[in-house]
1. Which far-off residues, 5 or more places away or on another chain, put their amide H under 5 Å from the one on Ala480, with H placed in the peptide plane?
2. Dividing the alpha-carbon radius of gyration of the chain by 2.2 N^0.38 Å (N being the number of residues), what value is obtained?
3. Would you give the gap between the C-alpha center of the stretch 283-303 and the C-alpha center of the stretch 9-25, rounded to a whole Å?
4. I'd like the orientation of helix 82-96 relative to the chain: the angle between its Cα long axis and the longest Cα principal axis, in ° from 0 to 90, rounded to 10.
5. Residue by residue, what Karplus-based ³J(HN,Hα) values in Hz, rounded to whole numbers, does the stretch 460-470 have, using 6.51, -1.76 and 1.60 with θ = phi - 60° and x for Gly and Pro?
6. What FRET efficiency would be calculated for the residue pair Ala429, Arg329, taking the C-beta separation as r and a Förster radius of 35 Å, to the nearest 0.05?
7. Counting other beta carbons within 10 Å of each Cβ, put Thr479, Thr456 in order, fewest first.
8. How many times 2.2 N^0.38 Å is the alpha carbon radius of gyration of the stretch 164-207?
Amino acid sequence: MIRPSRREALGAAVLVVLGVGLRLSFCAAFPTEPVSDFRGLVLFGVRLRDEGLAVPGWHWVQFNAGLPLLFSLLFRVFPHGVTATARVATAVATGLTPLAPFCLWRPILGLRWRMLAGLLLAIWPGQVFFSGVAAQENWVLLPTVALAALAVRRLRDPADDGHPIAAGLLLCAAAAIRQEMLVVLLVPALAAAGIPGKRLRRPARLARLAAAAVFPLLLLAAERRAATGRFSILTEHGGLSLLGTLVPGSARAGWLDPTLYVASVEPALLKEPLRLRTSAWQLASDEARRRYRFHALRATVSALRLGVESDAQNLFWSLGAPGVLAPARAPAGAAWARAWGPPLRVELALVSGLFVAALALGIRRRDRAILVLSCAVVLKVLVQVVFSPLGRLMVPAIAIELLVIALAAAMLGTAAWRERTAFLVLSLAAAALMLAALPALERYVVRKDEPPPRVTRFSLAIAGGGGWADCAIEAGGLTAIAGDRAWIGPAGPEISRCVCRLPDLAPGAAVGLDLEAPVAPSGAFERVEADGQERSRRDLGPGPAAWLRVPLSDPLAQPPRAVAVETRAATAGFGFVRQVPGAALLPRDRALP
C-alpha cells in the first residue's frame with residue numbers, strides 16, 4: 001500500500017516527466033528558430049541584457065516588457081545560444097504548468113481529479129507542438145493557470161480565507177507578459193483574493209490585491225517612460241491591431257496588416273508613425289460603423305474558428321513558417337504539420353464541446369468556480385475577435401478550458417448516469433456542429449467581405465535618416481509595408497515592378513537597397529535598376545530566404561534619383577538604407593548571438 005505522501009510525490013513526478021519531457025523531446029526533434037514577433041521578443045531580451053533596461057527602440061511599440069525582461073535574465077545566465085536558451089526555457093516553463101492545479105487543488109479535490117487536470121495540460125498536443133516557440137502566449141500560461149487554480153481553491157474551500165497578495169502578483173505577472181490578461185483575469189483574481197468573502201474584510205483584501213498588482217506594473221510603466229518618454233503599461237499598437245481585424249479582406253485570415261488600408265485612405269499617415277498609431281483608432285471606428293452588420297457576423301465566425309482551428313494554426317509557427325526549421329529538418333516538419341493538422345482540429349473541437357457542456361453544467365448547478373473560469377474564457381475570446389483573432393493568442397484560454405473540463409468531470413464523478421450521458425451528448429453535439437458548420441460559415445463570410453484595397457502609390461522610409469522615397473507600382477501589386485520595408489509580388493508568372501524616386505541626398509551619401517531573396521520556383525529572378533542602369537540581377541530558387549545589400553551610390557558620386565525593383569514569380573521585400581559618408585551601411589537587422 002503506497003502512503004498518501006508518496007502517491008502525491010509520484011503523481012507530481014509523473015506530471016513533470018510528461019509535461020517537460022514531451023516538450024523537450026519535441027523541441028529536440030524540431031528545434032524551432034524564432035521568427036517574426038518571436039524573434040523580436042528574443043532580440044528585445046538581448047538588447048535589455050546588453051544595453052540596459054531603458055534601451056530605446058521599436059520593440060516598445062509592440063511588446064510588453066515582461067517576457068523580454070525574463071529573457072534578459074536568462075541570457076545573462078546562459079549568454080551563448082540565446083535562441084536555444086529561449087526555446088528550452090519556454091518548453092520547461094510550459095511543461096511545469098500542470099503542477100499548478102495538482103498542488104493548489106489538494107484541499108478541494110481528490111488525487112485522481114487533480115491528476116486529470118494536470119494530465120490534460122501535460123499531454124495537450126496543440127501546446128506540446130507549440131512549446132518551443134518563444135511566444136508570450138506560452139509564457140503567460142504559468143501565471144494564468146496558477147491564478148485560475150487559486151481562484152477555484154478559494155471558491156471551493158470554505159476554510160480558505162483568500163490570497164490577495166498571491167493573486168495580485170500572479171495577475172501582475174500575466175499582465176506584464178500580455179496586457180489584455182489584466183482584463184481577462186480580473187474576475188479570477190478577485191475570487192482568489194477572497195473578495196466574495198466576509199464583507200467586513202473586503203476593503204483590506206482589495207487593497208492588498210491592488211497593491212500587489214499595481215506597484216510592479218508601475219515599475220514597468222516607469223521603465224517604458226525611461227526608454228520612450230511614455231508612462232504606460234500598454235503598448236502603442238492597439239489601434240492598428242483593431243484596424244487589422246476590420247479592414248476589407250481580413251475575413252479570410254482573421255487579421256490583415258492594416259498599413260495597405262491606411263495607404264489607400266490616408267497615405268500621409270505613413271510618414272508620421274506616431275500619428276498613424278493614434279489615428280488608427282478613429283479609422284477603425286469609421287470602418288466598424290460603415291460595415292457593422294458584417295463585422296458582427298465576422299466576429300461570430302472568428303470565435304467559432306478560434307474554437308476549432310487555433311491548435312492547428314500554431315503548427316505554422318513551430319513547423320511551417322519560412323526559417324523556423326533548418327533546411328534539413330524542414331521536410332520532416334512539413335510532413336508532421338500535414339499529418340497532425342486535421343487531428344488537432346478534431347481535438348480542439350472536442351475540447352470546445354466539452355467546455356460548452358461544462359459551462360452548461362456549471363450554470364445548472366450554480367457552481368461559482370466553473371462560472372468564474374468560464375468568464376475569463378469568454379472575455380479572452382471577446383478580446384481576440386475584436387483585436388486579433390489569431391490562433392496562438394488563444395493558448396491561455398484553452399488552458400483554462402481544460403481546467404473547467406476537469407472540474408466538471410469531478411462534479412460528474414458522483415452524478416447519475418443520465419446527467420453523465422447528457423453531458424457527453426452535449427459535448428459531442430457541440431463539437432460536431434462546430435466542425436460541420438465552420439467551413440460553410442467561413443466561405444460565406446469571405447464571400448461577403450470586400451476585396452483588400454489596391455495600392456499603386458506609397459511612401460517608404462529610408463533607414464538611417466534619409467527621408468522618404470515616393471514609390472509607384474507599375475506592374476504586379478504591393479503586398480505589405482512595414483516602416484522602411486515594402487513587399488511586391490505578382491499574381492502569376494508575370495513580372496512585378498516598383499519604381500521609387502529618392503529625395504535629394506548629399507553627394508557621397510552611402511545609399512543601399514536591401515533586397516529579399518525569397519523561396520521561389522525555377523525561373524524566378526530579381527533585378528535592380530538605378531537611374532536606368534542595371535545594378536543587380538540574380539536568379540531565385542528553392543533555397544532559404546535571405547537579404548542582400550545592393551549598393552546604389554559610389555563614393556563622392558551623386559546618389560541616384562530613381563530606383564526600380566523587378567521580380568518574377570516571387571513576393572520580394574526591399575528597403576532603402578542611408579548613412580553618412582565614411583560609416584558602414586546600417587545592418588538590415590541585428591543578428592542573434
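None of the figures in this text is laboratory data; all of them are computed from the coordinates on show. Remember, predicted model here, so these are calculated numbers, not experimental data. Every residue, glycine as well, gets a Cβ built from its backbone with ideal geometry; the counts of neighbours run over all protein chains shown.
1. Amide H neighbours of Ala480: Trp487.
2. 1.04
3. Taking the Cα centre of the stretch 9-25 as reference, the centre of the stretch 283-303 is 44 Å away.
4. Roughly 20 degrees between the two axes.
5. With coefficients 6.51, -1.76 and 1.60, one gets 10, 5, 9, 4, x, x, x, x, 10, 9, 9 Hz.
6. Details: r = 40 Å, r/R0 = 1.15.
Efficiency computed from Cβ-Cβ geometry: 0.30.
7. Thr456, Thr479
8. Working: Rg = 10.7 Å, N = 44, 2.2 N^0.38 = 9.3 Å.
Scaled against compact globular proteins, the figure is 1.15.
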